[in-house]
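The values are calculated or read from the model by the stated rules, or taken from the named source; none is laboratory data. None of these values were measured; they are calculated from a predicted model. Note: ideal-geometry Cβ built from the backbone for every residue, glycine included; neighbour counts use all protein chains shown. The protein model used for the area step is the full one, side chains on, heavy atoms only, and it has no ligands, DNA or RNA in it. Shrake-Rupley method; radii C 1.70, N 1.55, O 1.52, S 1.80 Å.
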Amino acid sequence: MAFQFNFSIKENVENKLEALGDTDLLLGSAQDALRNQKGSTESKEVSSEEHATLQESLHAYKVAPGTADLVASCCPEPAEDENQNETLSKKQSCKVAREHNIPDNVDKVLENKVVEALSGLYHVNISVVEMTLSDGSHGEDIVSKSISSHSDLLPGVYEGGMKIWECTFDLIDYLSRAEIQFVNKTVLDLGCGAGLLGIVALKGKAEKVHFQDFNGIVIDEITLPNVMANCAGGDGSDDDNRAGEPTSKRLKKADCSPGLLSKCKFFSGEWSEFSQLLSSDGKLISKYDIILTSETIYNPDYYSALHDTLSKLLSKNGCVYLASKAHYFGVGGGVHLFEKFIEERNVFRTRTVKIIDEGLKRFIIEMAFKSSS
Ligand SMILES: C[S@@+](CC[C@H](N)C(=O)[O-])C[C@H]1O[C@@H](n2cnc3c(N)ncnc32)[C@H](O)[C@@H]1O
């Protein structure tokens with residue numbers, strides 16, 4: 001099922017898709033999704049076959065050749081003998097973290113968005129968002145950069161948050177089957193992209209849910225709208241079961257529960273900068289009970305920043321649920337390398353709680369502080 005906002009945009013989008021031709025890039029999966037809708041003026045449910053088609057393209061992703069070393073470590077510590085200008089320019093290459101305010105006019109957030117349902121959750125149609133952003137007039141020009149570099153990832157520029165990655169669904173499935181409890185918990189969806197993991201926590205009655213993505217435009221155009229789409233009506237809990245409703249509908253401002261939204265905060269920026277922002281700005285009221293993170297260990301260059309962020313932000317008895325493919329071809333990261341890194345740092349213990357052995361092997365890993373055991 002999908003419902004839509006100002007759907008007049010659709011034809012324009014389709015024309016642009018045709019003009020783009022065979023891109024086989026970031027837009028690949030999105031094009032498939034939209035072409036599935038083409039010819040039908042009515043919104044429709046995403047069938048399991050369509051879901052599978054969409055997910056197929058998530059199995060493998062591409063990294064622009066030669067970009068892996070662009071930002072070896074996003075925020076490298078400056079060497080002592082570096083002069084001030086070099087230090088400054090390195091600092092500028094960091095993605096400074098900031099909090100995104102929830103707009104007063106929530107109608108605006110869902111304007112020109114097409115909302116669909118998948119796995120019982122609402123999310124905006126990403127191809128439509130990409131089309132509205134592809135003219136490059138929206139600050140962070142990640143869509144056209146991604147297209148021109150034929151890549152879903154541009155290290156230090158765009159880290160893949162425009163797509164919903166396969167392991168997100170693995171983790172959602174695991175959280176549900178393992179009956180992980182979010183009631184009254186403080187939760188962080190780290191590297192959130194679409195934010196579906198945080199939304200699951202929100203629907204599970206978490207006390208607070210914070211969302212972080214590298215790219216601010218992902219937060220504004222995808223994460224926030226998705227949270228709003230799922231906050232509409234009722235209290236957003238699983239009991240509402242609105243994703244099962246057969247009819248298309250428009251969300252109205254009045255539908256959006258301010259109570260639920262007030263539990264959420266949204267952040268963008270590089271991980272070290274993000275954890276620094278939370279620590280220094282008094283934004284971190286308490287550390288997180290649960291940190292959810294999916295497909296965030298593809299690049300070994302980021303392991304140090306990721307590890308330090310987790311250790312700074314996780315509460316003493318907290319738990320990280322991390323979903324990942326076994327190996328990320330082209331970037332070099334993966335589960336075994338990350339576990340080895342964690343072992344060497346000797347701060348966290350890890351436990352594999354689920355292995356998904358179909359297609360590319362995927363893992364769900366649970367992490368907790370060693371000292372808490
Ligand atoms: C491949 S995407 C996965 C998005 C989402 N979790 C999913 O599974 O659909 C990786 C995400 O990790 C985050 N990320 C990766 N490297 C990062 C870094 N160095 N600093 C901050 N965020 C980073 C980005 O926000 C990006 O959206």
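When the accessible area of the stretch 257-368 is split by element with a 1.4 Å probe, what percent falls to carbon and sulfur? It would help to have the intermediate numbers written out before the result.
On the way: 2240 of 4500 Å².
Exposed carbon and sulfur together represent 50 percent of the surface.
State the percentage of accessible surface on the stretch 111-230 attributable to carbon and sulfur atoms; use a 1.4 Å probe and exclude ligands, DNA and RNA.
Numbers: 1450 of 3070 Å².
C and S atoms contribute 47 percent here.
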Accessible area in square angstrom per residue, the stretch 261-373, 1.4 angstrom probe = 41
Kindly provide the pair-distance distribution of the stretch 151-238 built from C-alpha pairs, with 5 Å bins from 0 and whole-percent values in order of increasing distance.
-> 3, 15, 24, 25, 19, 9, 4, 1
Debye log10 I(q)/I(0) at q = 0.17 Å⁻¹ for the stretch 123-164, Cα point scatterers = -0.41
Using the Kirkwood radius over Cα pairs, work out the Stokes-Einstein diffusion coefficient for the stretch 294-373 at 37 °C and 0.692 mPa s, in µm²/s as a whole number.
-> 257
With a 1.4 Å probe and every protein chain left in place, tell me how much accessible area Val96 has, in Å² to the nearest 10.
-> 100
Roughly what would the spin-label model give for Ser311 and Asn101, points 7 Å off Cα along C-beta, in nm?
-> 3.7
Does the stretch 106-197 come out rounded, prolate or oblate by the C-alpha gyration tensor, with a ≥ b ≥ c the root eigenvalues, rounded set by a/c under 1.5 and, if not, prolate when a/b is larger than b/c and oblate if not?
-> prolate
Most to least packed among 322-334, 99-111 [average Cβ atoms within 10 Å] | 322-334, 99-111
Which distance in nm do the two modelled labels at Val353 and Asn184 give, with both placed 7 Å along the Cα-to-Cβ direction?
-> 2.0
